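The values are calculated or read from the model by the stated rules, or taken from the named source; none is laboratory data. Every value quoted in this text rests on a predicted model; they were computed, and no experiment measured them. Reconstructed Cβ throughout: ideal geometry from the backbone, glycine too, with neighbour counts over all protein chains shown. Side chains included, ligands, DNA and RNA excluded: accessible areas come from the protein's heavy atoms. Shrake-Rupley method; radii C 1.70, N 1.55, O 1.52, S 1.80 Å.
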Amino acid sequence: MSAFGSVFMPEMAISWFDGSSWSESQVVPSESLHLHAGAHVLHYSSTCFEGLKAFRHADGSIKIFRMDRNIDRIAQSSQLLALPEINKDQVAEMIKSVVAKFAAEVPEAPGSMYIRPTHIGTEPAIGKAAAPTLSSCFYVLLSPVGDYFSGGDRALRLLIDDKNMRCPPHMGMVKSGGNYAGALQPTMKARAEFQADQVLFCPNGDVQETGAANFLLIDGDEIITKALDSTFLHGVTRDSILTIARDMGMKVSERQLSIEELLERSAKPGCEAALSGTAAVLTSVGTLIHNGQEFTVGNGAIGETTVKLRRALNDIQWGRSEDKFGWLIDV
Ligand SMILES: *Cc1c(COP(=O)(O)O)cnc(C)c1O
């Protein structure tokens with residue numbers, strides 16, 4: 001099986017903004033994109049993206065999960081990066097039509113079609129370090145993905161970093177390229193020094209998120225996770241898991257969580273921690289590393305409640321249980 005996100009459909013949907021209007025969307029080869037070498041995105045990182053999935057149901061139909069949320073988020077990211085305003089209806093149409101075109105290639109469960117809408121500033125203007133791009137390009141790439149856990153589902157090791165930030169606080173809710181490049185060195189260092197899978201960024205002791213996933217602490221029938229603010233990415237998976245948990249009768253506490261409270265609660269048997277995101281859905285965290293010391297979360301293994309919540313979400317996505325929250329969209 002190829003690495004996640006390394007296989008692409010040969011064509012993508014695309015539209016260009018010329019400074020006043022969006023071109024009619026087209027489906028073009030995805031192997032190349034023609035840009036001026038001075039394009040704004042290549043110098044000043046005027047770029048944002050999304051990640052969502054389409055699922056094949058047993059009856060052969062294809063459903064896209066919570067697309068409206070991802071479109072709202074990329075509209076917001078575009079606005080916060082001073083990129084041209086997107087046309088949400090056109091974007092919805094682009095996503096649906098390109099998924100429909102490659103419907104036959106949507107893998108069976110436990111695989112899915114990962115959808116990557118992307119918005120970039122295209123104006124050739126290297127003098128615009130402090131000014132927005134006038135023109136831009138929006139495209140929707142598709143990448144069929146297999147079972148994320150095929151390599152064996154194991155509990156992750158996270159390094160708690162209470163010094164660095166993942167990105168500047170006002171950029172946290174923007175899904176933008178530069179944020180990821182900036183988190184790479186701390187993450188690589190954590191891998192080399194502590195065999196950590198990810199860094200859990202906790203600036204000033206406030207438990208935030210990892211490089212590309214939200215963090216949830218599950219203590220008995222209570223889920224504790226940071227309340228929404230501008231400093232971190234508002235995950236659609238986070239929202240979906242919290243909605244399912246509330247529906248199951250669990251208590252959901254969206255509030256500040258300190259490193260001290262996290263480590264204290266984690267030590268209790270039966271406590272669980274997890275990362276949430278579209279790619280991995282919900283993945284158990286078994287070990288936290290802080291100041292060179294290792295702390296086991298609960299029994300250090302994959303959490304029962306984590307698995308139960310992940311399965312409940314997957315069952316909705318693959319049509320194995322009722323879509324009671326109205327999250328599936330027909331293509
Ligand atoms: C994409 C992303 C998430 C998860 O968001 P989902 O909508 O659940 O996929 C969390 N944190 C960061 C930094 C992300 O980029």
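Under a 5 Å amide H to amide H cut-off, with H placed in plane at 1.01 Å, what residues pair with residue 200 once short-range neighbours are removed?
159, 160, 161
Once you keep just the Cα pairs under 8 angstrom separated by 6 or more residues, what percentage relative contact order results for the chain?
18
With contacts defined as alpha carbon pairs under 8 Å and 6 or more residues apart, what's the relative contact order of segment 182-282 in percent?
Result for segment 182-282 is 30 percent.
Mind jotting down the distance between the C-alpha centroids of segment 176-237 and segment 297-331, whole Å?
Centre-to-centre (Cα) distance: 21 Å.
Using the alpha-carbon centroid of each, what span in Å lies between segment 58-120 and segment 15-42?
17
Place +1 on the Cβ of every Lys and Arg and -1 on the Cβ of every Asp and Glu in segment 11-145, take the dipole about the Cα centre, and give the residue among 16, 86, 34 whose Cα lies farthest towards its positive end.
86
Going through the cross-link list 96/175; 63/251; 101/226; 88/189; 63/308; 53/268, which pairs have a Cα-Cα distance over 32 Å in this structure?
The answer is 101/226; 88/189; 53/268.
Rank 119, 43, 290 by accessible area, highest first, at a 1.4 Å probe radius?
43, 290, 119
Averaged across orientations, what area in nm² does the convex hull of the alpha carbons in the chain project?
16.6
Less than 15 Å Cβ to Cβ from residue 134, Lys/Arg counted +1 and Asp/Glu -1: what total charge do the surrounding residues give?
The answer is -2.
Only Lys, Arg, Asp and Glu count, each charged at its Cβ (+1, +1, -1, -1), so figure out the dipole size of segment 1-160 about its Cα centre, rounded to 20 debye.
Result for segment 1-160 is approximately 480 debye, rounded to the nearest 20.
Near the amide H of residue 278, under 5 Å away, which other amide H atoms are found, from residues 5 or more places off or on another chain, if H is placed in the peptide plane?
237
Treat every Asp and Glu Cβ in segment 212-251 as -1 and every Lys and Arg Cβ as +1, leave all other atoms uncharged, and give the resulting dipole magnitude about the Cα centre to the nearest 20 debye.
100
Please label the shape of segment 156-317 as rounded, prolate or oblate, based on the square roots a ≥ b ≥ c of the eigenvalues of the alpha-carbon gyration tensor (a/c under 1.5 means rounded; beyond that, a/b larger than b/c means prolate, else oblate).
It comes out oblate by the Cα gyration axes.
Name the trypsin sites (Lys or Arg not before Pro) in segment 96-195 that are in a loop by DSSP and that have at most 11 other C-beta atoms within 10 Å, would you?
163
Taking the Cα centre of segment 208-283 as the origin, how large is its charge dipole in debye, to the nearest 20, when only Lys and Arg (+1) and Asp and Glu (-1) carry charge on their Cβ atoms?
The dipole of segment 208-283 has a size of about 100 debye.
Taking amide hydrogens as modeled 1.01 Å from N in the peptide plane, which residues meet the under 5 Å criterion relative to residue 256, leaving out close sequence neighbours?
Long-range HN contacts for residue 256: 227.
Counting other Cβ atoms within 10 Å, which chymotrypsin sites (Phe, Trp or Tyr not before Pro) in segment 1-65 have at most 15 and lie in a DSSP loop?
Of the chymotrypsin sites (Phe, Trp or Tyr not before Pro), the ones in loops of segment 1-65 whose Cβ has at most 15 other Cβ atoms within 10 Å are 4, 8.
Could you work out the relative contact order of segment 69-224, using alpha carbon pairs under 8 angstrom and six or more residues apart, expressed as a whole percent?
18
Among DSSP bridges having both ends in the chain, what percentage is antiparallel? Round to the nearest 5.
Approximately 80 percent, going by the DSSP bridge assignments.
How many percent of the accessible area of the chain is carbon or sulfur, using a 1.4 Å probe?
Reported share for carbon and sulfur atoms: 51 percent.
Can you list the trypsin sites (Lys or Arg not before Pro) in segment 252-331 that are in a DSSP coil and have 11 or fewer other beta carbons within 10 angstrom?
Here the sparse-neighbourhood loop sites are 255, 324.
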